[in-house]
1. Any idea which of Gly197, Gly162 is in contact with a helix residue (DSSP H, G or I) (Cβ under 6 Å, 6 or more places away or on another chain) and either modelled with pLDDT under 85 or among the aliphatic types (A, V, I, L, M) (or both)?
2. Residues to consider are Leu183, Leu99; find the one that is part of a helix (DSSP H, G or I), within 18 Å of Ile87 (Cβ to Cβ), at pLDDT 95 or above and not charged (D, E, K, R).
3. Go through region 58-96 and report how many residues are under 24 Å from Val239 (Cα atoms) and over 18 Å from the mean Cα position of the chain (by Cα).
4. Given the criterion at positive phi and surrounded by fewer than 23 Cβ atoms within 10 Å (Cβ to Cβ), identify the matching residue among Gly81, Gly114.
5. Note down all Cβ pairs under 9 Å where the first residue falls in region 281-292 and is assigned to a helix (DSSP H, G or I), the second is among the basic types (Lys, Arg), and they're at least six residues apart or on different chains.
6. Just give me the residues in region 263-290 being farther than 25 Å from Ile157 by Cβ, in contact with a Leu (Cβ under 6 Å, 6 or more places away or on another chain) and surrounded by fewer than 23 Cβ atoms within 10 Å (Cβ to Cβ), in sequence order.
Amino acid sequence: MGLGKSIADRLSPTKMSAVYWELIVVGFAIMMGMSLPASFLPILADSLDPSGVLVGLVVSAWFLSRIFLELPAGIISDVLGRRRLLIFGIALSCIGPILCSQANNIWMLIVGRGIWGMGTAFYFMNNTALLMDILPAETRGRALGLFQGIEFVGSFIGAPIGAFLSIYMTFNQVFYFTLLLTLISLAIAWKSSGMKGSEVKGVKKERTPLIEAIKMIGDRGILIVCLSTMLRMFIMQGVFQTIFQLYLNQGLSLAVSMIGLILSARIAGQIISLVSAGILSDKVGRIPVLIAGFVVCGATLLAFTLTSNFTLLLIIGFIEGLGEGFGMTTLIALLTDITPPAVRGGVVGLYRTFQDIGGFAGPILFMMFFSTLGPVSGFYIAAFVNVLNIGLLLMFKSGPKKV
């Protein structure tokens with residue numbers, strides 16, 4: 001019997017609900033803290049490195065250590081339990097904003113972001129695996145949608161608050177508020193009775209050998225899901241966490257406060273579609289919902305280059321968020337559908353490793369496009385990548401693989 005099945009069988013609905021809502025509260029605070037610098041991080045990096053060479057690395061550093069940590073973290077969590085590594089990850093994440101708050105050169109900002117990313121690797125991997133453990137299959141899509149939707153309310157609130165705070169204090173000082181929110185998350189996770197209860201005593205935990213998790217990449221369905229999330233993250237981090245802010249600030253002369261509002265409009269779209277995508281994918285299937293999302297994302301990426309009107313940019317940002325939200329919940333729900341419980345932790349680690357590869361490569365490459373091919377070139381390239389992702393999903397065909 002796999003660990004995921006054992007927990008789902010042993011936990012009462014009340015205890016399962018407690019874990020779910022405690023994870024939501026923790027995720028809300030963490031996402032809000034992470035989004036506080038979203039509107040100005042590339043601008044801060046650009047001010048510390050006017051050459052622009054290392055600006056992409058500031059964003060990419062978040063994912064560098066994660067590339068090597070996600071898979072072993074998933075396997076270790078199958079053995080040691082989700083809660084321990086989740087708490088460790090949040091605690092490690094506290095170091096990141098401390099360093100960023102003191103960064104007076106580009107390298108200190110890069111190191112701070114790297115350590116911060118290392119901590120979130122442990123948090124997000126175990127957060128996802130724990131949800132996969134406790135959520136029943138028949139409601140998994142909508143439950144994941146609601147979970148990520150509430151998490152992104154934190155991002156929706158955080159982006160404009162961070163932009164507002166930056167008006168009255170330095171960019172670096174805003175990271176103190178991120179630290180405060182991360183510490184609150186740590187306290188909640190540490191005291192959580194629901195998460196303690198999810199580690200059911202007397203249940204034998206099956207080990208997931210590294211080779212078994214890696215072998216799952218031979219499953220066509222799992223490989224397609226992993227590649228799809230890599231391409232999605234490539235665009236998300238390369239465009240919307242790096243060149244988007246620079247394009248709006250330097251190309252369209254928008255203030256940081258206005259950039260924060262556009263990012264919030266985008267997140268508002270994500271929140272709406274995260275919940276609806278879960279329900280839709282449970283009813284009509286994962287692949288149609290994913291394809292619809294990538295079509296919307298590709299079209300809106302092109303639309304961003306056609307106007308400088310602030311109101312239109314808000315609307316386009318909102319619509320792009322709707323498309324983006326369709327992919328977030330649905331990809332992980334699809335992965336859960338086709339992954340055997342016995343290797344679930346390892347496969348989640350594999351999935352997140354592909355995410356991290358995209359997240360690491362995106363900011364560096366899109367910053368190169370921005371600097372050498374022009375400010376709007378990255379938007380055209382990102383739209384083309386969405387077309388590639390649609391073609392990839394059209395090749396999907398797989399069922400759960402037995403281990």
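1. Gly197
2. The conditions single out Leu183.
3. Selection size over region 58-96: 0.
4. Selected residue: Gly81, the only one of Gly81, Gly114 that is at positive phi and surrounded by fewer than 23 Cβ atoms within 10 Å (Cβ to Cβ).
5. Ser281/Arg142; Asp282/Arg140; Asp282/Arg142
6. Selection gives Ile287 alone.
Rundown of residues vs (1) in contact with a Leu (Cβ under 7 Å, 6 or more places away or on another chain); (2) farther than 15 Å from Gly251 by Cα; (3) modelled with pLDDT of 85 or more; (4) not charged (D, E, K, R), yes/no style:
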site: Gly345; (1), (2), (3), (4): no, yes, no, yes
site: Val348; (1), (2), (3), (4): no, yes, no, yes
site: Arg352; (1), (2), (3), (4): no, yes, no, no
site: Ile357; (1), (2), (3), (4): no, yes, yes, yes
site: Phe366; (1), (2), (3), (4): no, yes, yes, yes
site: Phe369; (1), (2), (3), (4): no, no, yes, yes
site: Thr372; (1), (2), (3), (4): no, no, yes, yes
site: Phe379; (1), (2), (3), (4): yes, no, yes, yes
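The values are calculated or read from the model by the stated rules, or taken from the named source; none is laboratory data. What you see is a predicted model; the values in this text were computed from it and never measured. Neighbour counts are summed over all protein chains in view; Cβ atoms, including those assigned to glycine, are modelled from backbone coordinates with ideal geometry.
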